[in-house]
Amino acid sequence: MADAPAGVTSYAIPIGTRSQFTGQQVLPYTQLHAIGTNNVTTFFDNVDVQPASTASSTNLVAYEFDPNPGNSPGETGFVVGDSGKPTFMKINGQLALLGTHSADDTVNGTRYSFDAFLPEYIAQINDAMVRNGSPYTVRVVPVPEPTLTLTAAALGTGVWTVWRRFRRTPRRAEAA
């Protein structure tokens, strides 16, 4: 076994709870060497997104895709030939490998692109490397928790919205 050539880039895999990933922006890479944007919408386990003759898929991360480009500029949906391509997310200014493209399907009227959710396969990937004599293991990077500043900003926005609604509500004249 030999080391990878000097020009090869490796990426960490992000770790955290599924709820930490929900809503995060991701950067899917396509077969045409383009990068789009999407957000983590949801997760699917044991959903048959492949033809009926194959086993159900597990540990999938899904990105809702609106095929109308005017509704979501820059958003990318997977197409035939994209399978196996990477989806990245930025963590602390660095790209991390979130998943590999697996499928594209409509579920309950919503179109999704699906990736194998690599954070849930870290143990299996490490095990495969050890079995094959590799001295390497997967590098991981934690998905940051929402910061206090972000929480304070959200709370402030909520208070401001309630205050504005209160001010706009016409007051009834009180009986004398």
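For region 100-119, state whether one or more residues are assigned to a helix (DSSP H, G or I), more than 19 Å from Val40 (Cα to Cα) and modelled with pLDDT of 90 or more. No, because not a single residue in region 100-119 is assigned to a helix (DSSP H, G or I), more than 19 Å from Val40 (Cα to Cα) and modelled with pLDDT of 90 or more. Taken together, the residues in region 26-72 that are of a type in the set (A, V, I, L, M), modelled with pLDDT of 85 or more and part of a strand (DSSP E or B) amount to 6.
Residues that are among the hydrophobic types (A, V, I, L, M, F, W, C) and in contact with a Ser or Thr (Cβ under 6 Å, 6 or more places away or on another chain) within region 89-127 comprise Leu98, Phe114, Ala116, listed in sequence order. Cβ separations smaller than 7 Å between residues 6+ apart or across chains give the following pairs from region 121-139 residues that are closer than 19 Å to Leu95 by Cα to residues that are in a helix (DSSP H, G or I): Thr137/Asn126; Thr137/Met129; Val138/Ile122; Val138/Ile125; Val138/Asn126.
Condition first: surrounded by 11 or more Cβ atoms within 10 Å (Cβ to Cβ), at pLDDT 90 or above, more than 18 Å from Pro28 (Cα to Cα) and in contact with a strand residue (DSSP E or B) (Cβ under 9 Å, 6 or more places away or on another chain). Can you find one or more residues in region 130-139 that meet it? Yes, that holds for at least one residue. Taking region 115-132 as the range and being hydrophobic (A, V, I, L, M, F, W, C) and more than 16 Å from the chain's Cα centre (by Cα) as the test, the residues that pass are Ile122, Ala123, Ile125, Ala128, Met129, Val130.
The values are calculated or read from the model by the stated rules, or taken from the named source; none is laboratory data. None of these values were measured; they are calculated from a predicted model. Please note: Cβ atoms are built from the backbone with ideal geometry, for glycine as well, and neighbour counts cover all protein chains shown.
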